[in-house]
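Only one structure is covered here, and it is reproduced in the block below.
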Amino acid sequence: MTDNIRMILAGGVVLGVLVLLHELGHFLVAKWCGVRVEVFSIGFGPRIWGVKRGDTDYRLSVLPLGGYVRMAGDNPIEERTGEPYEFLSRPRWQRCLIALAGPAMNVLLTFVISLGMIWVVGLPTDPSLSQPAIVAAIPLNQAKVPSHVLPGDQIVAINGVHTATWEQVSTELGKVKPGDSVAITVARGGAQQSLTAKMPAQPSSTDSIVGYAASRAVVDEVAFGTPAERAGMKPDDLIVAINGQPVRSWMQLLDQVRNSNGAAVHFLVRRGGKDLPMDITPEQKPDPDGNGVAWQVGIQDKTEPVYERRGFLQSFQDAGYTTVASARMIGDVLGGLFSGRVSVRDLQGVVGIVRESGRAAKRGPLRLLDLTAVISLNLGLLNLLPIPILDGGHILMLAIEGALRRDLSIAFKERFVQVGLVFLLGLFALVMYSDILRMIGHH
């Protein structure tokens with residue numbers, strides 16, 4: 001199968017499933033509230049296939065870029081009969097539930113995919129955690145929290161508790177409160193030494209006092225339209241040096257890039273037995289760890305994760321934690337859009353989704369499932385934004401009417417929808433334009 005065919009098929013399946021479930025949420029709650037559903041459509045435009053069951057025409061339309069549910073009496077500018085089965089005849093709280101049901105179905109799908117993957121396959125863990133706690137490299141910012149740990153040290157105890165592996169180091173550091181002193185015992189030159197340091201304010205910054213575990217810096221993915229791709233970096237490249245320093249840990253590489261302040265970083269890449277120098281200038285992008293924005297070049301490390309099987313209850317808890325953490329990252333990106341830290345051009349539209357779906361499908365069903373969960377959560381949360389036409393816009397309108405205890409005028413609702421339509425069309429055009437520019441730059 002060619003990459004283009006795989007990309008189109010995978011993108012079509014992902015978008016089709018997500019839209020189907022989103023609209024199914026609206027459909028099921030509308031039926032539960034006693035609203036007559038006239039059309040359940042996957043796609044927009046003319047009907048190309050369908051079947052009618054009861055009052056509902058289930059159809060596939062010509063443009064599979066979305067979908068919709070049309071309910072009786074849901075258009076305020078059309079003549080209504082006032083029958084109880086019409087959407088606008090139902091209480092506001094029921095109409096709000098119907099609007100919420102679509103995004104809720106997308107969030108639920110993300111949780112279910114996460115639950116299934118963790119319970120059936122296992123929770124992926126970093127294989128370096130099982131390695132002996134030997135320091136391969138230290139961060140650039142270690143001077144901010146000096147512990148005097150050096151490359152080559154083996155961390156044998158944290159606060160007097162023996163630590164044979166990096167996982168045990170991580171566990172013991174997790175018990176120390178930010179700002180408290182931590183005693184670190186290291187083996188150096190055949191003797192043990194006792195060191196002390198203060199825990200950083202951010203738990204994710206514990207690397208600054210114990211250093212990094214060893215790991216091969218092999219590239220797994222090179223993101224589309226990023227500095228690394230433009231410089232010619234490819235999957236399976238081995239990064240042997242950065243800014244003239246040997247790379248002994250992937251985290252060491254990330255540290256160099258994130259502290260570059262946008263200055264060009266010199267990479268030495270080994271490919272097919274040859275060393276290739278590359279100068280890559282990082283760009284600020286949303287941080288995958290959910291910490292706002294960070295300097296990045298657009299590469300992901302290649303690891304063979306160890307999957308830990310969990311019981312159902314533990315998998316349920318882990319899936320909930322994963323879904324909430326992902327939602328917070330999306331919130332950080334949205335906040336960055338409003339504050340200007342993140343550009344709209346960094347977003348991806350339908351073209352980008354189709355392209356990434358093809359790449360994920362090429363790497364296996366687990367990657368595609370994981371991407372589907374991410375896109376589904378994005379779709380659900382973005383639909384809750386208080387923008388006219390989106391579900392969040394309908395909820396906002398209902399909230400305003402509920403506060404006023406009366407319906408808004410038809411003229412106001414028309415203007416409200418028109419403003420939202422113009423905004424979304426402009427945003428859609430800009431994102432698609434950026435997607436196409438990335439594709440042109442790639443080729």
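The values are calculated or read from the model by the stated rules, or taken from the named source; none is laboratory data. All of these numbers come straight from a predicted model, not from anything done at the bench. FYI the Cβ positions are ideal-geometry reconstructions off the backbone, even for glycines, and counts take in every protein chain you see. These area figures cover heavy atoms from the full protein model, side chains too; ligands, DNA and RNA do not enter into them. Shrake-Rupley method; radii C 1.70, N 1.55, O 1.52, S 1.80 Å.
Put simply, the stretch 106-226 fits an ellipsoid with semi-axes of 31, 18, 16 Å; these come from the alpha carbon gyration tensor as the roots of five times its eigenvalues, largest first. In this calculation the C-beta distance from residue 238 to residue 423 is compared with R0 = 35 Å, giving a FRET efficiency of 0.15.
In this structure residue 233 has an accessible area near 10 Å², from a 1.4 Å probe over the protein heavy atoms. Excluding ligands, DNA and RNA, the accessible surface per residue across the stretch 257-330 is 60 Å² with a 1.4 Å probe. Could you please state how large a percent of the accessible area of the stretch 102-257 is carbon and sulfur, counting protein chains only and using a 1.4 Å probe? Here it works out to 58 percent. Given a 1.4 Å probe and the protein chains as shown, residue 326 ends up with an accessible area of around 30 Å². Among the listed pairs 234/285; 198/285; 198/302; 274/302, those with a Cα-Cα distance over 27 Å are 198/285; 198/302. For residue 316, the accessible surface of its heavy atoms amounts to roughly 100 Å² (probe 1.4 Å, protein chains only, rounded to the nearest 10). Each peptide in 99-110, 173-184, 241-252 gets a packing score, the mean of other Cβ atoms within 10 Å over its residues, and the list from highest to lowest is 99-110, 241-252, 173-184. What the Cβ-Cβ distance of residue 75 and residue 405 gives, at R0 = 30 Å and to the nearest 0.05, is a FRET efficiency of 0.85.
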